[in-house]
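The values are calculated or read from the model by the stated rules, or taken from the named source; none is laboratory data. Here the structure is a predicted model, which is why all the values come from computation and not from measurement. Here the Cβ is made from the backbone with ideal geometry for all residues, glycine too, and neighbour counts use every protein chain on show. For accessibility, only protein heavy atoms count, side chains too; no ligands or nucleic acids. Shrake-Rupley method; radii C 1.70, N 1.55, O 1.52, S 1.80 Å.
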Amino acid sequence: EDEEDWRSFRARLVAAEREERNRRIETAPPPPPKPDPKRKRSPSEAVAAFACQAGDDFAAPFQFLNLGILAYTGGGSALAQLQVTPGEEGRLKGTGKVGFGLWRSVYLSKQVSWRNRFLVFVDWTKAQIFGRDITRI
């Protein structure tokens with residue numbers, strides 16, 4: 001008798017699950033129409049479609065942060081324009097040897113560790129004393 005009760009319980013459970021699944025399928029909203037792959041979307045349509053997918057959470061608008069410009073021009077000279085504070089008056093500019101000094105100081109300060117700073121400084125010192133030509137060693 002227990003076996004018969006168990007079988008009937010299992011049959012009722014399976015039937016209830018099937019009815020629930022069918023009910024969910026019948027009440028589900030229809031899928032969105034598929035876009036025509038041959039038709040090209042305009043950029044504004046693509047942006048609108050992306051915005052709809054992304055939801056209401058938008059990223060903050062892009063803002064460029066100018067930290068300055070460094071350019072090594074060779075022969076121990078460089079161009080440097082460093083943005084110290086916001087605004088036109090907060091720029092530190094240097095050309096030639098002064099620019100090269102600014103370039104090297106920024107380069108050293110951007111190294112990850114003190115070990116790297118030391119190794120770069122030693123390499124610069126070796127290059128100053130012995131030069132870059134390694135064929136004479």
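Quick look at the numbers
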| quantity | calculated |
| --- | --- |
| The stretch 69-91: number of residues that are loosely packed, with under 14 Cβ neighbours inside 10 Å and hydroxyl-bearing (Ser, Thr, Tyr) | 2 |
| Residue match in the stretch 115-135 (condition: at pLDDT below 75, of a type outside the set (Gly, Ala, Ser) and open to solvent by less than 100 Å² (accessible area, probe 1.4 Å)) | yes |
